[in-house]
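The values are calculated or read from the model by the stated rules, or taken from the named source; none is laboratory data. What you are looking at is a predicted structure, and each value in this text was computed from that prediction instead of being measured. Glycine also receives a Cβ, built like all others from the backbone with ideal geometry; neighbour counts cover every protein chain displayed. Calculation scope for accessible area: heavy atoms of the full protein, side chains included, ligands and nucleic acids excluded. Shrake-Rupley method; radii C 1.70, N 1.55, O 1.52, S 1.80 Å.
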Amino acid sequence: GKLVSDAGEYLCILRDASSTGIKARLFHELPAAPRFELELGNGDRYAVEPVWQSEGHAGFRFAEGPVDVHELMDEGTPFPKRSIRLRLVLPVMVTDDAGLSRAGQLQDLSQQGALLVMEPGLALGQQVRIAAPGLPERHARVRWRRRTAHGLVFQEAFRLDELAVLAHRLQTGAVRVPAGQTPSRVNQ
């Protein structure tokens with residue numbers, strides 16, 4: 001799952017759950033925030049409040065009272081399961097297979113791919129390379145396109161722990177985005 005707050009979105013692994021709270025495995029220190037939402041792979045969200053943090057784990061209580069643990073753990077959905085996506089706005093340079101580089105904007109990131117917004121559009125199946133300060137260079141292929149939005153699938157996926165640490169670093173300011181390069185999210 002992921003923990004969502006005003007401070008950003010952070011990957012976690014649920015280790016234990018009861019009707020009143022959860023224990024989550026973290027890959028970094030929990031950002032300072034009074035409340036979070038736990039978002040599961042199926043999109044269900046639960047308001048949670050941090051209670052404790054120690055040795056790579058954190059405990060949270062459900063903010064709106066007890067929940068049905070079976071429903072929480074089931075994660076039922078009629079759709080195929082997909083990777084957790086982190087909403088992360090980041091300016092990137094996109095180099096196509098002809099060597100032409102253009103500016104784009106990453107708008108979400110998962111272990112296997114990303115949502116890229118840029119004009120003019122890229123072709124379906126086109127090979128690209130994306131790079132940005134603090135983001136390891138990734139080779140990808142354009143899987144889908146809607147107007148200026150492009151779904152990319154990486155040739156080499158991120159490991160879960162690698163993506164969690166990277167996202168934390170990018171969202172906590174260890175890597176600064178150049179001023180004036182944070183346009184609004186694309187309508188999907």
When region 119-140 is checked residue by residue, the ones that are in contact with a strand residue (DSSP E or B) (Cβ under 7 Å, 6 or more places away or on another chain) and either among the hydroxyl-bearing types (Ser, Thr, Tyr) or on the phi > 0 side of the Ramachandran plot (or both) are Gly125
Please go through region 117-134 and give me each residue that is under 13 Å from Arg145 (Cα atoms) and either without any contact (Cβ under 8 Å) to a residue 60 or more places away in the chain or assigned to a loop (DSSP other than H, G, I, E, B) (or both), ordered by number. Met118, Glu119, Pro120, Gly121, Leu122, Ala123, Leu124, Gly125, Gln126
Output yes when any residue across region 66-88 is surrounded by 17 or more Cβ atoms within 10 Å (Cβ to Cβ) and assigned to a strand (DSSP E or B), and no when none is. yes
Arg61 is checked against (1) open to solvent by 50 Å² or more (accessible area, probe 1.4 Å); (2) assigned to a loop (DSSP other than H, G, I, E, B) and fails just one. What number does that condition carry? (2)
All but one of (1) open to solvent by 80 Å² or more (accessible area, probe 1.4 Å); (2) farther than 26 Å from Gly41 by Cβ; (3) under 19 Å from the mean Cα position of the chain (by Cα) hold for Leu100; which doesn't? (3)
Within region 135-155, track down each residue that is closer than 25 Å to Leu3 by Cα, open to solvent by 30 Å² or more (accessible area, probe 1.4 Å) and either touching a Lys or Arg at 6+ places or on another chain (Cβ under 7 Å) or aliphatic (A, V, I, L, M) (or both). Val153
Evaluate region 107-118: report whether one residue or more is surrounded by fewer than 15 Cβ atoms within 10 Å (Cβ to Cβ) and out of contact with any Cys (no Cβ under 6 Å at 6 or more places or on another chain). no
Here the residues within region 18-58 that are in a loop (DSSP other than H, G, I, E, B), closer than 14 Å to Asp6 by Cα and under 19 Å from the mean Cα position of the chain (by Cα) are Leu30, Pro31, Ala32, Ala33, Arg35
Out of the residues in region 33-47 that are in contact (Cβ under 8 Å) with a residue 40 or more places away in the chain and surrounded by fewer than 17 Cβ atoms within 10 Å (Cβ to Cβ), state the one that is nearest to Leu166 (Cα to Cα). Gly41
On the given criteria, is Asp161 acidic (Asp, Glu), modelled with pLDDT of 90 or more and part of a strand (DSSP E or B)? no
Tell me yes or no: at least one residue of region 12-32 is crowded, with 18+ Cβ neighbours inside 10 Å and under 30 Å from Arg145 (Cα atoms). yes
